[in-house]
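Below is one structure; the comments refer to it alone.
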Amino acid sequence: MFVFGNAEDVFTMAVRIEENGNSFYAGAAERTKDPKIKKLFEDLALMEEGHIMAFKSLRSRLPGSFPADTVWDPEGLAESYLQASADTHIFTVEAAKSRLENVKSPLQVIDMALQFEKDSVVFFLGMKELLPDPQGKGEIDKLIRAEMDHIRMLSGVAKTLAQTGIAGIF
């Protein structure tokens, strides 16, 4: 049995992940005083808005039955994988929101953001496995690559901050 119930549930979860990311980055941008870091967080918040629209668009084009019977997963491993990553991701996002109140540096926020982005990639990989539509899988791949770009961006900034010893002020 598919634990989410239907396609709408899965896409609702994906949109929620992106909305949480948008909220997280917008909150981080508000708190930081460093203009470069602030711009990074603002840009990431905007990118998450684009992902929200992409998931909503993709959902509107897919059939209501999801996963399709044509997806070969006799043991339900893809479904279990997706559920486990969703459970972990929700906890991580909620915990990150509350921890944002206690951070003292942009580097701490970047570390949380890196975990958030990695969790997003894991969830979207599981989601992709359940899609019956090759075009939909290609679109999920684009979103996965975008999340991986976020990881590269954040990692680069984290490395620079660590090397320069500039932790910034929140």
*In this structure, does residue 21 turn out to be under 19 Å from residue 147 (Cα atoms) and surrounded by fewer than 16 Cβ atoms within 10 Å (Cβ to Cβ)?*
no
*Kindly check whether there is at least one residue in the stretch 52-67 that is of a type outside the set (A, V, I, L, M, F, W, C), modelled with pLDDT of 80 or more and farther than 27 Å from residue 153 by Cβ.*
yes
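The values are calculated or read from the model by the stated rules, or taken from the named source; none is laboratory data. In this text the structure is predicted, and so the values were computed from the model without any measurement. Quick reminder, even Gly has a Cβ in these numbers, built from the backbone with ideal geometry, and neighbours come from all protein chains shown.
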